[in-house]
Amino acid sequence: MVSRSAASGSPQTKPQRAVARIDQNAPVNFTFDGRSYRGFAGDTLASALLANNVHLVGRSFKYHRPRGIMAAGSEEPNALIRLGKGAYAEPNLRATQIEIFEGLYAESQNRTPSLKFDIGAINSVLDRFFPAGFYYKTFMWPASMWMRYEHVIRHAAGLGKVADDHNDPDRYEKTHAHCDILVAGGGATGLMAALQAAKSGTRVILADEQNEFGGWLLGEADIMIGDCPAFNWISDIVAELAAMPNVTLLPRTTVFGYLDHNYLTLNERATDHLPSRPAHLPRQRLWKIRAKQVIIAQGAHERPLVFAGNDLPGVMLAGAVRTYINRYGVCPGQRAIVVCNNDDAYRTALDLHHAGAHVVVADLRAKATGPLMRAVRDAGIEILQGHAVIAAYGNHRVARVEIAPVNDAVTEISGDIDHRDCDLIAMSGGLSPAVHLHSQARGKLQWDDAKLCFRPSATHEPSFNIGACNGSFDLSAGLKEAVRAGTKAASATGHKTTALDTPIVQSHKQSWCPLAAWKIPNGHAAGRGPKAFVDFQNDVTASDVSLAAREGYQSVEHLKRYTTTGMGTDQGKTSNINALAILADALGNEIPAVGTTTFRMPYTPSNIGAIAGRDIGDLFDPVRLTRMDDWHRAHGATFEHVGQWMRAWYYPQNGETMQQAVNREVKAARTTAGLLDASTLGKIDIRGRDAAEFLNRLYTNAWRKLGIGKCRYGLMLKDDGMVMDDGVTTRIGENHFHMTTTTGGAAGVLDWMEEWLQTEWPDLEVYLTSVTEQWAVATLSGPNAGKILQDAGIDFDLSPAEFPFMSMKEGHIGGLAARIFRISFTGELSYEINVAARHGLALWTRLMAAGKAHGITPYGTEAMHVLRAEKGFIIVGQETDGSVTPHDLCMNWIVSKTKPDFIGKRALARHTMEYDDRKQLVGLLCSDPSTVIPEGAHAVLDPDQPLPMKMLGQVTSSYFSPNCGRSIAMAMLKGGHALKGQTVFFPMLDGSILKAEIVDTAFFDPKGARING
Amino acid sequence: MLIITCPFCGPRDEVEFACGGEAHIARPLADHKISDADFADYLFMRDNPKGLFLERWRHSAGCRRWFNVARDTVSNEIVEIYPMGSLPVKTAAKTTYKTSWRRDTAAEKAATPSRSKAGGSK
Ligand SMILES: [Zn+2]
């Protein structure tokens, strides 16, 4: 026996029959809206606030109406709370799910300046401006006003404020698990099914969103299982499950998503209930579980009744009232009206009566009989049959009601209105099975015309629905389903088990078939009377739903979007059935014909932090570093991201600006020598009998006759004829090639080659190995490159006769085994020196030491870009965008006319390829040599033409070239090849117009005279 | 998220795989003289059926092998998994293959004979 001792002078405590699940020896202090309160361990924020006589806990979304606590679980639409401070603050948490802990800090939401006095409540008076679809109607026209509207809407939209500091300091984890059977929901039937299945030895995971297993039974005082109170049965079965090695129990864990092939996502609130988090535990943990079988035991949600003023603080769901009395030992009112269309609420009347409250029952049904009614009458409680609460009134809490007799269909008031004082309304409109997970998994629903609810019919995934979520509200029936599902699921996973005896349940005999009464009349014309809410969180009233139907929003999906009913953090758990029943009524249609909206994950809001887990910051994406990275850092390099790689961008010296540093690096590469870390280039080792034939089909040019030790530039097309990658490939041996790709294209090119080999040409014998990270590459470029290699200790003859351009030799440099390629991306004498990755840094430092006397200068990717642009070399992905052919790039010279086939050959012959308005590569010289035209700038032929101007194309590369002494650019222009010599214009954002001449792309050394140094 | 049974590695999560789109699109050889419109059947036209679909998948984060999957796009039921270069044997999948409009296209007839029979793959 627990009687809750008074906290903050609350008068509302009385001894209860069952043992409440709070520990009165463990007081807990917490703060709500700046005031200190005391609750007990085991309390939720909602139960502790009610125990402290706090009923007003928030303001509503649209009208800023005072709102209280309506439910006792995750379906709560009203009591949304901002928890914590600063970076730890989290908005829109349900007070009914927050376990209190010492020092808990909570604030109400959506009120300015305070909960009791909220200036937004003026919206309530201006309500005729806020009908259904009000945003759509109000903010439609003129379009020029949208910018202003958007500000207003954004300011008004949303309930809670996010954290003040957006860097969430908490740690989240993700974990993967496999099991034979996942049981979603740890109420009576979930526990029973888990035990039944686990007895077979099958691996079971049982998850429940509450801190304790037991579900709604934790809040019931009048149910015996076996010969003892239900709670004893719960604790026995939980203890038995906990002792089984094949069972994992996950309390505080919501199964929030049910995806294909029995893949489920769970959010475990591992430490949210603790005043401080142990270092070894995350705040929350996301579980990704693959189960062979799923047993869904989600329970049901009680529906509100739709009467005027049903949103006042003090108007609660009848089942929730029982939970507060029995589980938390707090009676939420002293003068209670129970209003219902079913038997179940009579149990609330009895519990209220036993808790010492004065109770009146208003039953919408004219003739309800049975043992429960007798028990209530025997307790001396007044029952008004065929009566409804037609309106509730109060300021910050319900204070009085109007009760009136109604006709059998509850469509009209049929007698005099009676006024009663009260401080609590316990309402019950029947139960809606929580079919969310079943529906997420694309299970089918059927309408139960007797129980007035949708319940599961066919499942789509290997799963079972049991108990209340299956529409089996009677506990005995639910337990029988649990035994059956547990046995069947175990057997489906290959485990045998004999059916357990279903325990005997002793409870009031009751009917589970409520009266259909969706909208309670209030004696006013439609839309005139006080508001009767359907969706509490979104402030959608019964007349909003009817109005939407009249305006033509007849699909339930349209109704949802137009009125916003069923949106928000509760996703309409308490409101959806009422809304679509009222819609069906307005349309003169049957409820099942109207149907439900789509159930989507998450079941309840899930923290993004848990979904991101550790994949944030440095761990968001791997960063790849070259073997020379330490040197670049030690020498002050600035870096840029190239895909996952970090590449040295430029090496500023003595306070140089970027432009100054790049100019110096570019200059050095053409006057003395430059050294580039080219390790990130994609490298693929190609071997096999048919390697040459494969390259012949892959590239546009000929490869079969390439000599051993020779290099060749190749262009790769997709089969639509568009350029996808380029690079130099070298024949190492008869059946052995070394391919290079662009840095960004490496993985894609390997995928591409594997795909063709496996799917189109499986007869070719070719083996591919990515060797990008096996080789470190330093590119030495410039007139002094040969001298530096000599001084660095090269062991073979570098003379052009012995080592011509476009060839490769294997040798040693300073004792390091190397493959040296005489290829050039700068147009200068250039060597790409490849050594085993572990020798990369040694190679680099040796070259730098040997080059000191020869003016060696390290250069980064920016100088590399300028150097290649000076030569008019393209970069795939910069000049090209997947819609560019070799012809567009003036690269017909590389496309074989004689090969019978290569990837892209047929597509290049399509007639559309001959259109003369294709964008083609050209060079540009700005009329002002010091102005660098911005990349992406759009060209027009006539800057004075009317808007919208005819665009020719865009600048793809643009730099200042220190070697040309002026700015240079490349562009893709429509019919560009034929425009050579003409002038184009670039209208800029600031109103100025740049002017440029169309020229060839080879800006520097167009004859290629410098290639041998 | 699907479970896909890689013929080489066994059942794995979908995240390890990449879908390569419609299967059995035979590639016409470049030297065959088919019209641009016929070639477009190969290059551009892709089916997007509601129901059974024959598609290519690859175990990209595993063994990197390609294979064919007969999957119902509505229920996500995987009816059959069969090797690249072969045809399905389950009745429903076989019917899907045989009744495809592609079987009569000039593009498919212009493909290597062995490929078009095995239903090529690009
Ligand atoms: Zn595999």
| said: Please determine whether any residue of the stretch B:2-13 is open to solvent by less than 40 Å² (accessible area, probe 1.4 Å), within 13 Å of the ligand (Cβ to nearest atom) and under 19 Å from the mean Cα position of the chain (by Cα). | reply: yes
| query | Out of A:A177, A:A193, which single residue is buried (at least 24 other Cβ atoms within 10 Å of the Cβ) and modelled with pLDDT of 95 or more? | reply | A:A193
| task | Please verify whether the stretch A:326-336 includes one or more residues that are at pLDDT 95 or above and assigned to a strand (DSSP E or B). | result | yes
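For A:N407, are the conditions met, namely being out of contact with any strand residue (DSSP E or B) (no Cβ under 7 Å at 6 or more places or on another chain) and free of Cβ contacts under 8 Å to residues at least 40 places away in the same chain?
yes
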| Is it the case that the stretch A:956-964 has a residue that's β-branched (V, I, T), surrounded by 15 or more Cβ atoms within 10 Å (Cβ to Cβ) and touching a Lys or Arg at 6+ places or on another chain (Cβ under 8 Å)? | no
| field | Pick from the stretch A:892-909, criterion within 11 Å of another protein chain (Cβ to nearest Cβ) and open to solvent by 40 Å² or more (accessible area, probe 1.4 Å), ranking: modelled with the lowest pLDDT | value | A:P900
| Residue within the stretch A:90-97 that is modelled with pLDDT under 95, more than 29 Å from A:A426 (Cα to Cα) and surrounded by fewer than 16 Cβ atoms within 10 Å (Cβ to Cβ) present | no
| request: Residues being open to solvent by less than 30 Å² (accessible area, probe 1.4 Å) and either within 16 Å of the ligand (Cβ to nearest atom) or farther than 30 Å from A:K899 by Cα (or both): count how many of those fall in the stretch B:14-31. | output: 2
| field | Residue count, the stretch B:97-107 (criterion: away from every other protein chain (no Cβ under 14 Å) and open to solvent by less than 40 Å² (accessible area, probe 1.4 Å)) | value | 4
| Looking only at the stretch B:62-80, which residues are open to solvent by less than 50 Å² (accessible area, probe 1.4 Å) and either at the interface with another protein chain (Cβ under 9 Å from one of its Cβ atoms) or assigned to a strand (DSSP E or B) (or both)? | B:W66, B:F67, B:N68, B:V69, B:A70, B:R71, B:D72, B:S75, B:N76, B:I78, B:V79, B:E80
| field | Search result, residues across the stretch A:721-765 that are surrounded by 17 or more Cβ atoms within 10 Å (Cβ to Cβ), assigned to a loop (DSSP other than H, G, I, E, B) and within 14 Å of chain B (Cβ to nearest Cβ) | value | A:G721, A:M722, A:W761
| remark: Subset of the stretch A:32-58, residues more than 23 Å from A:Q210 (Cβ to Cβ) and open to solvent by 20 Å² or more (accessible area, probe 1.4 Å), comes to A:D33, A:G34, A:R35, A:S36, A:N53
| task | Output yes when any residue across the stretch A:853-860 is open to solvent by less than 10 Å² (accessible area, probe 1.4 Å) and within 30 Å of A:I968 (Cβ to Cβ), and no when none is. | result | yes
| field | Any chance B:T73 is away from the ligand (no atom under 16 Å from the Cβ), more than 20 Å from A:D751 (Cα to Cα) and modelled with pLDDT of 95 or more | value | yes
| Of residues in the stretch B:81-96 being away from the ligand (no atom under 16 Å from the Cβ) and among the aliphatic types (A, V, I, L, M), the one most open to solvent (accessible area, probe 1.4 Å) | B:V89
| note | Among (1) farther than 14 Å from A:E862 by Cβ; (2) in contact with a helix residue (DSSP H, G or I) (Cβ under 9 Å, 6 or more places away or on another chain), A:M658 falls short only on (1)
| message | Any residue that is touching a Pro at 6+ places or on another chain (Cβ under 8 Å), away from every other protein chain (no Cβ under 11 Å) and in contact (Cβ under 8 Å) with a residue 12 or more places away in the chain - is there at least one of those in the stretch B:81-90? | response | yes
| query | Does the stretch B:32-39 include one or more residues that are open to solvent by less than 10 Å² (accessible area, probe 1.4 Å) and within 12 Å of another protein chain (Cβ to nearest Cβ)? | reply | yes
| query | Could we say that B:L54 is more than 16 Å from the ligand (Cβ to nearest atom) and over 30 Å from A:K444 (Cα atoms) here? | reply | no
| remark: Of the conditions (1) away from the ligand (no atom under 13 Å from the Cβ); (2) closer than 23 Å to A:A291 by Cα; (3) among the acidic types (D, E), the single one that B:D38 does not satisfy is (2)
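The values are calculated or read from the model by the stated rules, or taken from the named source; none is laboratory data. This one's a predicted model, so the numbers in the text were calculated from it and none came from an experiment. Using ideal geometry, Cβ is built from the backbone for each residue, glycine included, and neighbour counts are taken over all protein chains shown. These accessible areas exclude ligands, DNA and RNA; they are computed on the full protein's heavy atoms, side chains included. Shrake-Rupley method; radii C 1.70, N 1.55, O 1.52, S 1.80 Å.
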